[in-house]
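The values are calculated or read from the model by the stated rules, or taken from the named source; none is laboratory data. Model, not experiment: these values are computed from the prediction. We place every Cβ from the backbone using ideal geometry, glycine too, and count neighbours over all the protein chains shown. Areas reflect the complete protein model, heavy atoms only, side chains present, ligands, DNA and RNA absent. Shrake-Rupley method; radii C 1.70, N 1.55, O 1.52, S 1.80 Å.
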Amino acid sequence: MISWSVKTGTFVFASDYFCRFTASGDQQEWSSGLPFKIIYEEVACLRRKELSEYAFEIMAAEKFTDRLRLRLKVEDYFIIEMTFKELADGFAVELNPETLIEIHSNSFRVLELDIMPGFFSAKYGEDGYFLLPNFCGALMRFKKETEAELRDMVYGDQPEYEHYVTMPVCGIKKENAAWLCILTEGRYDARIVTNCKKAHDTFNYSLAPGFILRHHKADPVINDLREVKFIYLPGKYADYNTMAVRYREYLLKERGMRPLAERVTDNQVLAYAAESYHCKIFHGMKLGRLYDGKEEMTVTTTFAETEEIARGMKADGIEKCVFFLTGWNTEGHDGKWPTRFPIEEKLGGKDGFMKLKKTLDELGYQLSVHDNYVDAYRASEDFGSLDLLTDRSGETVGGSQWGGGNHYRLCPATMPTPKMLLEMKRMKELGINGIYYLDNMPSPVFTCHHPKHPAGRREYVMGIRRLAQSARDSFGCVTAEGYNDYVLDNLDMPWKVHPPLAGMVRYFNEVPLLDELVPFFQVSYHGIMLYHLEYSYVYNKTGMNAEQAIALEIAMGAMPMNEVQEHEHQAWYSPAWQKCRKQMARHDREINQTRAGRQMVFINSIVHDRDKNLIKTVFADGITFECDLNNGNIIESKL
C-alpha cells in the first residue's frame, strides 16, 4: 500500500484496488479499481478487444517533491510507467509511451488505455451530470436507461464527424463537488469515453479520458508524452460554468492565449472586427455541382451590386461592416481550388473588384474574402502537383461534390507551401484589409499515409495551425469555418459556434447519451475569441423573430452576421439582401452599438432556465443580462 498526499487530498494505491482519493476539505472519496481499461489487438485472430478485468502489480513506486512515479505490470501483457503530479487544485496523470514494454507483442498489442476507469462514476438517479465536449458543451444526466458506450476521439475523426468533439475536456458534477479533466499533452490522439451499463437491476455510468498509443496494430507506438489534469472544484455550486471558467484560466495561463482586450490595442484589424457587422456576399457558383465541375457558373451578385448593398447598409445605420466575398474567385464558390485567379470576370473581374474595394473604403467598411487553402478540384491547373491527403489503402481522401466537382483534401504536412504564401501576398496586394476567412477548416483530424508527406494526427493539426498563423501574419487577424479548439491558438474568430439549443444543432440527436447542450465553449472563450452563433436568416427558419434572435446572441456573447445575395436562386440558400436589411441593421444596432464593448469582457456564467426559456448571463465586470427567449425581452443590470 502506498499513500501520497497533495494539496487537495490523499491517495492510497494498492495492487488489489488501484487508487482511492479522499478530498481534504469535504472528505469525499473518489476511486478507481484499475489503472486502465485496455483496448488491444489479439494479433493472431485479427480481433480488437477490451480488457476491463485483470490482475496488475505495482512493481515500483518513487516519490519526489511534487510527484509519484509508478511502474505498473498488467498480468503478463505489458509494463508501463504512470506518474501522478501535484497541482494547486488537483493532480495530473502522465503516461510516457516510451516506457511501454509489450511482453508478448506477437499476440497482445496495446492500442488504447482509458485512464482510471470508474474514477468518475455515478449510479442511476444521482444528482449531477457528466460534462462532455460535444458541440459547444453537452451534459449527460444520471437518468439514462439504455446501455451504450461513446468513445469520442478528441477533435473528431471523419467517420464520426457528426459528434463535433470540439475541446479536450470532460468533467463530472455531483451533489457537493465537481471535477474538470483537461487533456494537456497528447490530446490529438485521445478519447473521451462515456459508458452506460446495467448491472444488478440498476444503471451505472462512468467517464474517463483515454489515450491512443497506436491506431492500428501494425503502427509503431506514438511516443508523444501524454498528460491529463484532474481539477477538483469543491462545493455544491460548482457546475459547468465553474469548469468553463477554470478551462479559460488554463487557456490563458498555460496555452498562452491572450485576451481580446489586450490584442486589440496593437491590432487595428482585430479591433475593427470586434466592433463591426460581418456580412458574407454570395456572388455565384456552378450550382449543378456536377462530378467533373464542367458547367456554367450562375451569378447571384456582381461586384457592382455589392457596392449598392454596401451603400444601402450604410444608409440603414450600420457604421462598421466587414464584407466577406464568397465566390469572388475564378468559376465562383468552390470553383477550382486551389486556383483562385483570375478574379471571376462574370462578376466584374479585377477592375470591378478594385472598384468595390474603393467604395467600401469610402463608406468606412472593410474588405475580406471567403478563401480556401485545404481543398482541391481536378479542374484546377495545379491539381497534378498537389500533395493530396492519402488514406491507409493508398486512396486520395475526397469529399462531396461542389462547384468544381468532386473535391479532394490537401495534406497539411507540407503547409503552408511557397505557393500558398505567394497567394496570400497577392491577396494582400489587392487591398484586403478585413479579418481573413479560411474555409472548410478546422475539420475533424485526419492522418496521411502518402510516403512523401506522411502525417499523424498531431502533424495534421500542426499543419493547419501553421496555415492559420500564416494568414494571421499576412492579414492581421483570421477567422475559419469551424471551432475545433486545436486551431484557436492561431485564430481570432471561429466563424460559427453552435448555440446550446438542440433544435438549432443539426446532429444533436445523432449522438447517443447526450441530454442537453450547455454554453461551455462560450463561457470559456468569450473575451478571448470573437464568434457568431448563426446567420441572421437561419433564425427565421427555426421560428425565431428578430427580437428572440437578438436576445439569444446577447445572452451568448455572440456577434451578428448574415449571408445574402442580390438575386435569389432556388439552388442556393442565401436570401436576397432586401429581405434581410431591416433585421441586419437591428442586430447591428442592438449588439455593436447599444452594447458596444461586450466582446472584450469575460463571461462568468450563463444559465438557461429551460422551463421558463430564460437565460441569465453574468459578465466578469458585473453586467448581467436576463434574456427572455419567449418574447425577446432583455433586462440589463449591474451586480
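Quick one: in segment 233-269, of everything that is among the aromatic types (Phe, Trp, Tyr) and touching a residue at least 60 places away in the same chain (Cβ under 8 Å), which residue is surrounded by the most Cβ atoms within 10 Å (Cβ to Cβ)?
In this case the residue turns out to be Tyr247.
Does Glu296 satisfy being under 17 Å from Gly284 (Cα atoms) and modelled with pLDDT under 95?
On the way: under 17 Å from Gly284 (Cα atoms): yes; modelled with pLDDT under 95: yes.
Judged against the criteria, Glu296 is a match.
Residues of segment 129-171 being part of a loop (DSSP other than H, G, I, E, B), among the aromatic types (Phe, Trp, Tyr) and open to solvent by 20 Å² or more (accessible area, probe 1.4 Å), which ones? Break it down stepwise before answering.
Step one: of segment 129-171, the residues part of a loop (DSSP other than H, G, I, E, B) are 133, 135-137, 142-147, 154-157, 164, 166-168.
Narrowing further to those that are among the aromatic types (Phe, Trp, Tyr): 135, 142, 155, 164.
Tyr164, the sole residue that qualifies.
Could you check segment 590-638 for strands (runs of 3 or more DSSP E) lying wholly inside it with 1 or more residues that are in contact (Cβ under 8 Å) with a residue 12 or more places away in the chain, touching a strand residue (DSSP E or B) at 6+ places or on another chain (Cβ under 8 Å) and acidic (Asp, Glu)? Spell out how you get there, then give the answer.
Numbers: elements: 603-609, 614-619, 623-628, 634-638.
Result: 623-628, 634-638.
Just give me the residues in segment 335-357 being assigned to a helix (DSSP H, G or I) and surrounded by 13 or more Cβ atoms within 10 Å (Cβ to Cβ), in sequence order.
Initially, segment 335-357 is screened for residues assigned to a helix (DSSP H, G or I), giving 345-347, 349-357.
Within segment 335-357, Lys346, Leu347, Gly349, Lys350, Gly352, Phe353, Met354, Lys355, Leu356, Lys357 qualify.
Can you pull out every residue in segment 166-185 that is closer than 30 Å to Gly399 by Cβ and touching a residue at least 60 places away in the same chain (Cβ under 8 Å)?
Our first condition is that a residue be closer than 30 Å to Gly399 by Cβ; within segment 166-185, this holds for 166-170, 183.
Result: Thr166, Met167, Pro168, Val169.
Could you tell me how many of the residues in segment 412-463 are more than 20 Å from the chain's Cα centre (by Cα) and either in a helix (DSSP H, G or I) or not charged (D, E, K, R) (or both)? First the steps, then the outcome.
Within segment 412-463, the subset more than 20 Å from the chain's Cα centre (by Cα) is 413-434, 448-455.
Adding the requirement that they be either in a helix (DSSP H, G or I) or not charged (D, E, K, R) (or both) leaves 413-434, 448-451, 453-455.
Of the residues in that region, 29 qualify.
Filtering segment 431-468 down to residues that are among the hydrophobic types (A, V, I, L, M, F, W, C) and under 24 Å from Asp152 (Cα atoms), which residue is most open to solvent (accessible area, probe 1.4 Å)? Let's see the steps before the verdict.
Step one: of segment 431-468, the residues among the hydrophobic types (A, V, I, L, M, F, W, C) are 432, 435, 438, 441, 445-446, 448, 455, 461-462, 464, 467-468.
Checking the rest, the ones that are also under 24 Å from Asp152 (Cα atoms) come to 441, 445-446, 448, 455, 461-462, 464.
Values: Met441: 5, Val445: 6, Phe446: 24, Cys448: 4, Ala455: 7, Val461: 0, Met462: 51, Ile464: 4 Å².
It comes out as Met462.
Would you mind telling me which numbered condition in (1) assigned to a loop (DSSP other than H, G, I, E, B); (2) open to solvent by less than 10 Å² (accessible area, probe 1.4 Å) Val564 fails?
If we test Val564 against (1) assigned to a loop (DSSP other than H, G, I, E, B); (2) open to solvent by less than 10 Å² (accessible area, probe 1.4 Å), just (1) comes out false.
Could you check, for segment 571-578, whether at least one of its residues is open to solvent by less than 50 Å² (accessible area, probe 1.4 Å), free of Cβ contacts under 8 Å to residues at least 24 places away in the same chain, out of contact with any Gly (no Cβ under 8 Å at 6 or more places or on another chain) and closer than 30 Å to Gly284 by Cβ?
Looking for residues that are open to solvent by less than 50 Å² (accessible area, probe 1.4 Å), free of Cβ contacts under 8 Å to residues at least 24 places away in the same chain, out of contact with any Gly (no Cβ under 8 Å at 6 or more places or on another chain) and closer than 30 Å to Gly284 by Cβ, one finds at least one in segment 571-578, hence yes.
Listed here are the residues, each with its yes/no results for (1) part of a loop (DSSP other than H, G, I, E, B); (2) open to solvent by less than 50 Å² (accessible area, probe 1.4 Å); (3) touching a residue at least 12 places away in the same chain (Cβ under 8 Å).
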site: Glu362; (1), (2), (3): no, no, no
site: Leu367; (1), (2), (3): no, yes, yes
site: His370; (1), (2), (3): no, yes, yes
site: Tyr373; (1), (2), (3): yes, yes, yes
site: Ala376; (1), (2), (3): no, yes, yes
site: Ser380; (1), (2), (3): yes, yes, yes
site: Gly384; (1), (2), (3): no, no, no
site: Arg392; (1), (2), (3): yes, no, yes
site: Gln401; (1), (2), (3): no, no, yes
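Filter segment 71-116 down to the residues that are open to solvent by less than 10 Å² (accessible area, probe 1.4 Å) and part of a loop (DSSP other than H, G, I, E, B) and list them by number.
Met116
In segment 1-42, how many are more than 18 Å from Leu207 (Cβ to Cβ), of a type outside the set (Gly, Ala, Ser) and open to solvent by less than 10 Å² (accessible area, probe 1.4 Å)?
2
Name the one entry in Arg226, Arg191 that is touching a helix residue (DSSP H, G or I) at 6+ places or on another chain (Cβ under 9 Å) and either open to solvent by 40 Å² or more (accessible area, probe 1.4 Å) or of a type outside the set (A, V, I, L, M, F, W, C) (or both).
Details: Arg191 fails: touching a helix residue (DSSP H, G or I) at 6+ places or on another chain (Cβ under 9 Å).
None of the others qualify; the one that does is Arg226.
Would you please name the residue that is farthest from Leu517 (Cα to Cα), looking only at residues in segment 113-129 that are among the aromatic types (Phe, Trp, Tyr) and in contact with a Lys or Arg (Cβ under 8 Å, 6 or more places away or on another chain)?
Once the filter is applied, the top-ranked residue is Tyr124.
Looking at (1) farther than 30 Å from Ser276 by Cα; (2) modelled with pLDDT of 95 or more; (3) open to solvent by 20 Å² or more (accessible area, probe 1.4 Å), which one does Lys428 not meet, given that it meets all the others?
Condition (1) is where Lys428 drops out.
Please go through segment 196-223 and pick out each residue that is surrounded by fewer than 16 Cβ atoms within 10 Å (Cβ to Cβ) and part of a strand (DSSP E or B).
Those that are surrounded by fewer than 16 Cβ atoms within 10 Å (Cβ to Cβ) and part of a strand (DSSP E or B): Lys197, Lys198, Ala199, Thr202.
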